[in-house]
Amino acid sequence: MASRSLRVVFAGTPDFAVPCLEACRASGAEVVAVYTQPDRPAGRGRKLAASPVKEAALAAGIPVEQPESFKAEEDRARLAAHAPDLMVVVAYGLILPRKVLAIPRLGCWNVHASLLPRWRGAAPIQRAILAGDAESGVDLMQMEAGLDTGPVLIERRTPIAADETGGSLHDRLAALGADALAEGLRRVMAGETLAPRAQAEEGVAYAHKLDKAEARLDFAQPAIDLERKVRAFDPWPVAEADIAGERLRIWSARAVPGVSGAEPGQVLAATRDGIDVACGDGALRLLAVQRAGGRRIGAADYLNARPELKQAAP
């Protein structure tokens, strides 16, 4: 069957959404406009910076829209004037009201980085790692008024590796999301109607937005929980801990089983292999850290600067 033309409005903001924008462009659909969050202050100078999606759209010569919301009728009218057949939403950062969802002829699709209904909400990638999930994935979903409650059109699944970080899973799911979206667009442009699958009523979990305060490690917790925190919060907000009187950012760590009987937070061993810190259950071996104002370094380099830790360890 001959491919049908498809007018698409794309809405997204961070790096995660860029591969999906590229998938829209590569599909043969006509991307008539890109919606993204207004420019925000960024960097040490706090200068206004364009989102990664805006930069990609401008480089491709696609018109960019940046409304603060869709509460104003004129903003909804401007969207309608693009006459979209479909709106594709990927980590946009705005809740779309019913009046917006009803504008495109085919409604709105969302690419969400979890296996719904688990981890609806803002931070599904990190929450999956924090919970020790064995599997993650992406869902291409038909949007409705609820938060990530719409029926699933296409799903891609992937295992979560034992050494997975928030950054590595982010990148893999961004690619998987683009792949699922590309398939959906191809099938619709070939004249197919995608069959929606309602989300299960059981197993709902919400992935609340990350808070920097969560990144503080409490050594009274089990070592495996702290290891997951370190991995989930790489590259942001990065785990932090007080080690022998110094606040460090913890970039890499591994849970070590065993019972020490030591006070949580006490340094048990300090060698080139890592710095073992007593936890509520087991120990956390610090492998890569960062001092205030410094760069990420391995445990061996850190111990060169703090040789007293070697002597202090029992």
Q: Assess whether GLY150 counts as being touching a residue at least 12 places away in the same chain (Cβ under 8 Å) and closer than 17 Å to LEU86 by Cα.
A: yes
Q: Scan segment 194-214 residue by residue and report those that are touching a helix residue (DSSP H, G or I) at 6+ places or on another chain (Cβ under 9 Å) and either modelled with pLDDT under 95 or part of a loop (DSSP other than H, G, I, E, B) (or both).
A: LEU194, ALA205, HIS208, LEU210
Q.
Given the options LEU86, LEU48, name the one that is in contact with a Lys or Arg (Cβ under 9 Å, 6 or more places away or on another chain) and loosely packed, with under 12 Cβ neighbours inside 10 Å.
A. LEU48
Q | Flag if LEU153 is more than 17 Å from the chain's Cα centre (by Cα), surrounded by fewer than 20 Cβ atoms within 10 Å (Cβ to Cβ) and either in the same structural domain as GLY28 (by TED's automatic domain parsing) or in a helix (DSSP H, G or I) (or both) | A | no
Q.
Given the condition in a loop (DSSP other than H, G, I, E, B) and under 28 Å from the mean Cα position of the chain (by Cα), answer yes or no: does some residue in segment 237-259 qualify?
A. yes
Q: Could you run through segment 101-121 and say how many residues are over 21 Å from the mean Cα position of the chain (by Cα) and buried (at least 23 other Cβ atoms within 10 Å of the Cβ)?
A: 0
Q) Which residues, taken from segment 11-32, are within 22 Å of ASP75 (Cα to Cα) and touching a Lys or Arg at 6+ places or on another chain (Cβ under 9 Å)? A) THR13, GLU30, VAL31, VAL32
Q: From the list ARG254, ARG291, ARG272, pick out the single residue that is within 21 Å of GLY166 (Cβ to Cβ) and not assigned by TED's automatic domain parsing to the domain that holds ALA134.
A: ARG254
Q) Do we find that LEU268 is touching a Pro at 6+ places or on another chain (Cβ under 8 Å) and part of a strand (DSSP E or B) in this structure? A) yes
Q.
If I filter segment 211-236 down to residues being closer than 17 Å to ALA162 by Cβ and not hydrophobic (A, V, I, L, M, F, W, C), which single residue comes out as surrounded by the fewest Cβ atoms within 10 Å (Cβ to Cβ)?
A. PRO222
Q | Residues within segment 105-120 that are in a strand (DSSP E or B) and in contact with a helix residue (DSSP H, G or I) (Cβ under 8 Å, 6 or more places away or on another chain), tallied | A | 4
Q: Write out, first by first residue and then by second, each pair whose Cβ atoms fall under 8 Å of each other, whose residues are 6+ apart or on separate chains, and whose first residue, in segment 210-239, is among the basic types (Lys, Arg) while the second is buried (at least 21 other Cβ atoms within 10 Å of the Cβ) and modelled with pLDDT of 95 or more.
A: ARG216/ALA239; ARG216/ALA241; ARG228/ILE129; LYS229/LEU217; LYS229/ALA239; ARG231/ILE129; ARG231/GLU164; ARG231/GLY166
Q) In segment 135-150, what residues are crowded, with 18+ Cβ neighbours inside 10 Å and either small (Gly, Ala, Ser) or out of contact with any strand residue (DSSP E or B) (no Cβ under 8 Å at 6 or more places or on another chain) (or both)? A) SER136, GLY137, GLY150
Q: For ALA292, state whether it is closer than 15 Å to GLU246 by Cα and free of Cβ contacts under 8 Å to residues at least 24 places away in the same chain.
A: no
**Q.** segment 102-114: number of residues that are of a type outside the set (Val, Ile, Thr) and farther than 21 Å from PRO124 by Cβ
**A.** 5
Q) Filter segment 164-181 for residues that are touching a Lys or Arg at 6+ places or on another chain (Cβ under 7 Å) and among the acidic types (Asp, Glu); which is nearest to GLU227 (Cα to Cα)? A) GLU164
Q: Keeping to segment 294-314, report how many residues are in a loop (DSSP other than H, G, I, E, B), at pLDDT below 95 and either outside the structural domain of ALA223 (by TED's automatic domain parsing) or not basic (Lys, Arg) (or both).
A: 3
Q: Go through (1) in contact (Cβ under 8 Å) with a residue 24 or more places away in the chain; (2) closer than 24 Å to GLN126 by Cβ and name the single condition ASP242 misses.
A: (1)
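The values are calculated or read from the model by the stated rules, or taken from the named source; none is laboratory data. Nothing here was measured: the structure is a model prediction, and the numbers come from that model. In this analysis, Cβ positions are derived from the backbone assuming ideal geometry, glycine residues included, and neighbour counts consider all displayed protein chains.
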